[in-house]
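Nothing in this text is a laboratory measurement; each read-out follows from the coordinates by a stated rule. The structure presented is a predicted model; accordingly, all values stated were derived computationally and were not measured. As a convention, Cβ positions derive from the backbone with ideal geometry for all residues, glycine included, and neighbour counts pool all protein chains shown.
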Amino acid sequence: MRISSLYGHCKLLMWFLGCLFAVAFVGALVSQVLPSSGEQTILFYWSMPGCWSYDARDGLIPLWPMWLSFLSVEVVLVLLTAYKLLSYRNQPSRM
């Protein structure tokens, strides 16, 4: 919503962001489903929140590929917002 209003509800930008989110979602699914044969999710400590994915063959499975795909979407959103903020800063003041 914030990007849509900053860029004047540009449909091309909204399609780009929608496709970027869909690609990130599919990437996250693929990065978690393909290597997950024989994987278990276990809770190591009862007092600490969170859990780990564990595979009997390889040990702990890193979950960073899933987070990396969604982090890339957030980076694009922040860069678009920063670009618009800097373009507003370079405009002369109307006061």
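A few comments on the model shown:
- Segment S4-A22, extension gain: residue separation times 0.36 nm, minus the distance between their alpha carbons: 4.8 nm
- Modelled label positions at L71 and L12, each set 7 Å beyond Cα in the direction of Cβ, lie 3.1 nm from each other.
- With R₀ fixed at 41 Å, the C-beta to C-beta distance from L85 to L29 puts the FRET efficiency at about 0.80.
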